[in-house]
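The values are calculated or read from the model by the stated rules, or taken from the named source; none is laboratory data. All values derive from a computational prediction rather than experimental measurement. Every residue, glycine among them, receives a Cβ derived from its backbone with ideal geometry; neighbour counts consider all protein chains shown. The area values use the complete protein model at the heavy-atom level, side chains included, leaving out ligands, DNA and RNA. Shrake-Rupley method; radii C 1.70, N 1.55, O 1.52, S 1.80 Å.
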Amino acid sequence: MGPPWERNLFPYIRQSWLLVTLAALLVHTCYSLEVSVGKNPQVKARNGTDIGLLCTFTTCIGFEDVTFFWEYRTFNQSSQPELLYHGKLKNKNSLPKPIDIPNKSYRHDRLQLLPSNKTKDYNLTLLLTNVEYDDAGRYTCIVINKKEKDTKSNATLFLTVVDKFEIVDNTLTLIIVSVVGGVIGLLILILIIKKTVSFIIKKKCDKKKDCLVSSSVNDNTDNASKQEAKAKPKA
């Protein structure tokens, strides 16, 4: 064991380390760059229509000199990526500047970056016009933030192209919901009837008890009167 002064300082040292650890975790969380493609990464587009490929990014410390990419791959896991869009963004108040891409494919003439919205998330949504069946595949949005020491983050959309959207038949669901609702309603009605009948029966029983008690009191009174009359001596 060390000297007393070391033992007295130990709790303070432990608390300091806990505060330092907590601060480090908070800083790490705050510095994290996050890229999102929405709640559902599985999207469908009808052949011949336009679709917006959603991509937003956010970081709590802000950003500067951001570099971003859109890449395309087929659903084949071994396929090579195709660079669809390459751009730079100075800060939140500036507009993204596209960087020329060599060896452009037929998709590039149908692509354009949509304007950003004025929210905490910066919008890098890509508009794909006149969708074709060959456009089906994986679209990955990649963002690199220089302000966070070139922190890199990405998210992927999975696009399926269909001839027409299927109409979902909800008949079975409606039948099940109706049956369940009917059963619940019937159970509630049975409980109400049961409570009502029990209440009526209880009221009748209470009335009968009152009648029996009253009759018993009257009988006892009459008997007492008769006994008193017999006990009186004749004049």
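Cross-link pairs exceeding 20 Å in C-alpha to C-alpha distance, out of K39/K164; K104/K147; K88/K147, comprise K39/K164; K104/K147. The heavy atoms of C205 present about 60 square angstrom of accessible area, all protein chains included, probe 1.4 Å. 3J(HN,Hα) along segment 152-158: 10, 9, 8, 8, 10, 9, 10 Hz, from the Karplus curve 6.51 cos²θ - 1.76 cosθ + 1.60 with θ = phi - 60°, whole Hz, x for Gly and Pro.
Extension gain for I200 to L187 (0.36 nm times residue separation, less C-alpha to C-alpha distance): 2.7 nm.
Per residue, the solvent-accessible area of segment 94-205 (1.4 Å probe, heavy atoms of protein chains only, all protein chains present) comes to 72 Å².
Roll a 1.4 angstrom probe over the protein heavy atoms and tell me the percent of accessible area of segment 64-144 that is carbon or sulfur. Please list the in-between numbers first.
Working: 2340 of 4600 Å².
After summing per-atom areas, the C and S share lands at 51 percent.
Given a Förster distance of 25 Å, report the FRET efficiency between I101 and N130 from their Cβ-Cβ distance, rounded to the nearest 0.05. Walk me through the intermediate numbers first.
Values: r = 20 Å, r/R0 = 0.78.
Calculated value: 0.80.
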